[in-house]
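Enquirer: I am attaching a structure below and will ask some questions about it afterwards.
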Amino acid sequence: MNFPGNFLHIADVDTWALKQLLLGLDDEQWQSEAFRQQRYEVHRDTQTINLVFDPDFRHTHPTKLPMLRIFEDSLLPVLSGIAGHYDLSEKGQALGQSHGRGYFVRANLVKLKVGGEIPAHADGNFSLAHSHRIHLPIVTNEYVKFTVGGEEAYLPDGALYEINNRRKHHVVNSGPEDRVHLIVDYVLPGEKCCCGDKLHPETACNPQACMFTDQFKIPCTCMPE
Ligand SMILES: [Zn+2]
Ligand SMILES: [Zn+2]
């Protein structure tokens, strides 16, 4: 989702329980889902464990995967914190009345290997352009640099941040250990993308009406800073 800014700090959470669960995972579990790495060149240095995910990047009725069960209890406080942040915002409350509650459409654990990078790209399909992409660093170090819209930042352990995934972003891990982030996408039903009101004020967002916005390869400048 595009918004005026690069990073939006949401809250700080305790990641101890999630860390313990990550320690229990073996290489085989990390390597079992090669889908993301193979399909997208930008993810060649990453390994992913999908918790809630559909390869077609659908925007409703997401699939909860078996690995979610392992993390579910420890994720609950994190996820309810995120949901509350968006649902209780002014926009979230107004949309909630007319369109119902928000929901998580994707949740993944993503490992970025030592010395690895995710090259610059902007997320460009309908669901990614119409959901809030939130990162939670669980295992990280100060040599992991996240750059969004030309602004470089280190996201510390436990800091929940929405990143503007419609601006160019890249990540480099020059630290001594693999980095692991939880990445979730939160949808407020009925929320329009940045260009929605300009391009189709009378119509709700949908893949056809928003094709122009979704396929932008450059940062959209329809919003003031
Ligand atoms: Zn839209
Ligand atoms: Zn726009």
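The values are calculated or read from the model by the stated rules, or taken from the named source; none is laboratory data. Just so you know, these numbers come straight off a predicted model, no measurement behind them. When we count neighbours, we look across all protein chains shown, and the Cβ atoms used for this are built from the backbone with ideal geometry, even at glycine. The accessibility values were calculated without ligands, DNA or RNA, using every heavy atom of the protein model including side chains. Shrake-Rupley method; radii C 1.70, N 1.55, O 1.52, S 1.80 Å.
Enquirer: Sort out for me the Cα centre separation of segment 129-206 from segment 112-127, rounded to whole Å.
Expert: Distance between centres, Cα-based: 10 Å.
Enquirer: If amide H atoms are built 1.01 Å from N in the plane of the peptide, which residues on other chains or at least 5 residues away come under 5 Å of the amide H of Asp157?
Expert: none
Enquirer: I need the peptides 54-66, 138-150, 82-94, 175-187 ranked by packing, meaning the mean over residues of other C-beta atoms within 10 angstrom, with the highest value on top.
Expert: Ranked by mean Cβ neighbours within 10 Å, highest first: 175-187, 138-150, 82-94, 54-66.
Enquirer: First select every other residue whose beta carbon is under 14 angstrom from the beta carbon of Ala17; then total the charges, Lys and Arg +1, Asp and Glu -1.
Expert: Taking every Cβ under 14 Å from that of Ala17, the sum is -3.
Enquirer: Right, next: With labels modelled as points extended 7 Å from the Cα through the Cβ direction, what inter-label distance (nm, one decimal) is found for Cys222 paired with Gln208?
Expert: Going from the Cys222 label point to the Gln208 one covers 1.8 nm.
Enquirer: Also, I was wondering about something else. Would you tell me the accessible area of His99, worked out with a 1.4 angstrom probe on the heavy atoms of the protein chains, in Å² to the nearest 10?
Expert: His99 exposes around 100 Å² with every protein chain in place.
Enquirer: Can you give me the solvent accessible area of Met211 with a 1.4 Å probe, rounded to the nearest 10 Å²?
Expert: Answer for Met211: close to 90 Å² accessible.
Enquirer: What residues have an amide H closer than 5 Å to that of Ile10, excluding those fewer than 5 places away on the same chain, when H is modeled at 1.01 Å from N in the peptide plane?
Expert: Under 5 Å from the amide H of Ile10: Leu160, Tyr161, Glu162.
Enquirer: What net charge do the residues around Ala159 carry, taking every other residue with its C-beta under 12 Å from that of Ala159, with Lys and Arg at +1 and Asp and Glu at -1?
Expert: -4
Enquirer: Against the longest principal axis of the chain, how steep is helix 68-87, in degrees 0 to 90 to the nearest 10, with axes from Cα atoms?
Expert: Tilt relative to the chain: about 40 degrees.
Enquirer: Could you please state how large a percent of the accessible area of segment 7-214 is carbon and sulfur, counting protein chains only and using a 1.4 Å probe?
Expert: That share works out to 53 percent.
Enquirer: Now a separate question. Near Lys91, which aspartates and glutamates are there with a Cα under 12 Å away, not counting those fewer than 8 places off in the same chain?
Expert: Glu191
Enquirer: From zero up to wherever the largest Cα-Cα distance of the chain sits, split into 10 Å bins and tell me the percent of pairs in each.
Expert: 8, 34, 39, 17, 3, 0
Enquirer: Report, as a whole number in µm² per second, the diffusion coefficient that Stokes-Einstein gives for segment 1-126 at 20 °C and 1.002 mPa s using the Kirkwood radius over alpha carbon pairs.
Expert: For the chosen part, D equals 128 µm²/s.
Enquirer: May I pose another question? Would you mind computing, in nm to one decimal, how far apart the modelled labels at Ala17 and Gln93 are, each placed 7 Å from Cα along Cα→Cβ?
Expert: 2.9
Enquirer: Also, I was wondering about something else. Which net charge results for the neighbourhood of His99, defined as the other residues with beta-carbon distances under 13 angstrom from its beta-carbon, given Lys and Arg at +1 and Asp and Glu at -1?
Expert: +1
Enquirer: Suppose every Lys and Arg Cβ carries +1 and every Asp and Glu Cβ carries -1, with no other charges. What dipole size does the chain come out with about its Cα centre, to the nearest 20 debye?
Expert: Rounded to the nearest 20 debye, it is 500 debye.
Enquirer: Something else about it: Take the Cα of Thr147, step 7 Å along the line toward its Cβ, and report every residue of segment 120-136 whose backbone nitrogen sits under 15 Å from that point.
Expert: 120-122
Enquirer: Sticking with this structure for a sec: Rolling a 1.4 angstrom probe over the protein heavy atoms, how many square angstrom per residue are accessible across the chain? The partial results should precede the final answer.
Expert: Numbers: 11050 Å² over 225 residues.
Normalised by residue count, the accessible surface of the chain is 49 Å².
Enquirer: Below 8 Å, C-alpha to C-alpha, sequence gap of six or more: please give me the relative contact order for segment 7-214 in percent.
Expert: Relative CO of segment 7-214 lands at 25 percent.
Enquirer: Rounded to the nearest 10 degrees, what's the angle between the helix 90-99 long axis and the longest principal axis of the chain, both from Cα atoms, 0 to 90?
Expert: Approximately 70 degrees, to the nearest 10.
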